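Taken together, the values in this text are just the output of simple stated rules run on the coordinates, not laboratory data. Owing to the predicted nature of the structure, the values given are computational and were not obtained by experimental measurement. Cβ coordinates were reconstructed from backbone atoms using ideal geometry, including for glycine residues, and neighbour counts include every protein chain displayed.
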Amino acid sequence: MRRVGVLASGRGSNLQALLAAAESGELGGTVVLVVCNLPGAPALAVAERAGIPARVLPHRGRGREEHEAEVHAALRAEDVELVCLAGYLRRLSPAFVRAWSGRLLNVHPSLLPAFPGLEAQRQAWEHGVKVSGATVHFVTEDLDAGPIVAQEAVPVREDDSPEDLARRILEAEHRIYPRAVRAVLEGRCRLEGRRVRVEEGA
Ligand code: GRF
């Protein structure tokens, strides 16, 4: 079984989607560790309910290098092969990103490269786009700019509030993230320049 680590800071709904896929054999691997930088984050309860080991590694009061060294060591101690960011609210340093290059995924609530950064759903709504969506991408040193593994478009309805849109985008995230993780774990993603060629699964 391929070993997946998840870094989360918040609600944990993408973590939940990854765990559900692992449970039903659709992830192509198993989540062996959840690392959370915010004590008390709901994601910790999600891990606990699923019986997955969770480590709280607070960033507060530590330097970035020191904190990331702890996260890195925790992942290595569990022989994690692929790290999934799932609402992890910390920018990772270039050194961390390089250490996990090609083995670090993120899910973002817009059709990148449109609307990187925080509150992407609201950014899209305020801009007035008619279609937004969700993206799974490899993490590189530039924010929300790494090679794209999967995307799903979500139409913006005329009467959508930003919250309505965010809700439907989140559903799309939950569909594409496990599929993208599986494609990576099964070795079906080939990087060609900044394009990811994803072979169909069995
Ligand atoms: C998601 O919208 C994800 O795209 C973004 O942060 C949010 C995390 O939500 N990176 P959750 O904690 O997975 O519910």
Could you please state, rounded to a whole Å, how far the C-alpha centre of the range 93-148 is from the C-alpha centre of the range 1-70? 19 Å
Show me the ranking of peptides 145-152, 79-86, 188-195 by mean Cβ neighbours inside 10 Å, starting with the highest. 79-86, 145-152, 188-195
For helix 162-185, report the angle its Cα long axis makes with the longest principal axis of the Cα atoms of the chain; keep it between 0 and 90° and round to the nearest 10°. 50 degrees
If Rh is defined by the Kirkwood formula over all Cα pairs and Rg also comes from Cα, what ratio Rg/Rh do you get for the range 4-62? 0.99
So what's the range 119-169 giving for Rg/Rh, alpha carbon basis, Kirkwood Rh from the mean inverse pair distance? 1.02
Size of the dipole of the range 1-147 about the Cα centre, Lys and Arg at +1 and Asp and Glu at -1 on the beta carbon, nothing else charged, in debye to 20? 160 debye
Ala202 to His127: FRET efficiency via 1/(1 + (r/R0)^6), r the Cβ-Cβ distance, R0 41 Å, to the nearest 0.05? 0.55
Pairwise label distance in nanometres, Thr30 with Ser161, each label 7 Å out on the Cα-Cβ vector: 4.2 nm
Around Ala153 (Cβ within 11 Å, Cβ-to-Cβ, excluding Ala153; K/R +1, D/E -1) the net charge comes to +1
Counting each DSSP H run of 4 or more residues in the chain as -39500 (n - 2.57), what helix-only mean residue ellipticity at 222 nm follows after dividing by all residues, to the nearest 500 deg cm²/dmol? -11000 deg cm²/dmol
Between Arg60 and Glu141, 0.36 nm times their residue separation minus their Cα-Cα distance comes to what? 26.9 nm
Per residue and in Å³, how big is the convex hull formed by the alpha-carbon atoms of the range 1-153? 112 Å³
How much length would be gained if the chain were fully extended between Arg76 and Arg194, taking 0.36 nm per residue of separation minus their Cα-Cα distance, in nm to one decimal? 39.8 nm
